[in-house]
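Worksheet: the structure to be examined is printed underneath.
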Amino acid sequence: MCSGHHDGGQGGPCCLPDRLIRGFLQPWLLLLLSEHPAHGYELMERLSQKPWSPDTDPGFLYRTLRHFEEQGLVQSRWDTSGSGPARRIYELTEDGLDYLHAWTASIRSTRERLGRFLSEVEAQFGAEL
């Protein structure tokens, strides 16, 4: 029987991770880049400050940014103005902004469907779940 504790472990269906939504890094990155251009390390820092953003490793973040660039959702340039090594700065394109808006519509639709599901569960079992 499920204890209701969701610890994010691998112990079975009752141990679902609370924070992880697969593929949710993409809209977060697009949203952060819509605020202003940034390099990868800054994006990692800003993501870590958001309590509900997905945990990710730097390799996955940079692969995602490269994939976005191949799709034309972001563009990058080298920043050599500061001290230290050059850094690649990523900037959202118009196509990237459109993609962010599409993600937003999809998330809104999913939220509505999840709300209907939760209402059905609560109607059948009560709010104690």
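The values are calculated or read from the model by the stated rules, or taken from the named source; none is laboratory data. Note that the structure is predicted; figures quoted are calculated from it, not measured. Don't worry about glycine lacking a Cβ; one is built from the backbone with ideal geometry, like all the others, and counts go over all protein chains shown.
Numbers at a glance
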| read-out | value |
| --- | --- |
| The one condition in (1) exposed (fewer than 12 other Cβ atoms within 10 Å of the Cβ); (2) within 19 Å of residue 23 (Cα to Cα) that residue 64 fails to fulfil | (1) |
| Matching residues in segment 53-100 - criterion: being modelled with pLDDT of 95 or more and at positive phi | 72 |
| Selection count, segment 76-114, where residues are of a type in the set (S, T, N, Q), under 21 Å from residue 42 (Cβ atoms) and out of contact with any Phe, Trp or Tyr (no Cβ under 6 Å at 6 or more places or on another chain) | 4 |
| Exclusive hit being part of a loop (DSSP other than H, G, I, E, B) and either free of Cβ contacts under 8 Å to residues at least 40 places away in the same chain or of a type in the set (A, V, I, L, M) (or both), set 119, 83 | 83 |
| Filtered residues of segment 58-72 (kept if closer than 16 Å to residue 24 by Cα and touching a residue at least 12 places away in the same chain (Cβ under 8 Å)) | 58, 60, 61, 62, 64, 65, 68 |
| In segment 86-110, residue surrounded by the most Cβ atoms within 10 Å (Cβ to Cβ) [restricted to those that are touching a Leu at 6+ places or on another chain (Cβ under 9 Å), within 17 Å of residue 61 (Cβ to Cβ) and free of Cβ contacts under 8 Å to residues at least 60 places away in the same chain] | 90 |
| Any hit, segment 107-123, residues being closer than 16 Å to residue 23 by Cβ, within 14 Å of the chain's Cα centre (by Cα) and among the aliphatic types (A, V, I, L, M) | yes |
| Unique match (being at pLDDT below 95, of a type outside the set (Ser, Thr, Tyr) and exposed (fewer than 13 other Cβ atoms within 10 Å of the Cβ)) among 25, 20, 47 | 20 |
| Selection from segment 28-57 of residues that are part of a loop (DSSP other than H, G, I, E, B), free of Cβ contacts under 8 Å to residues at least 24 places away in the same chain and within 17 Å of residue 77 (Cα to Cα) | 36 |
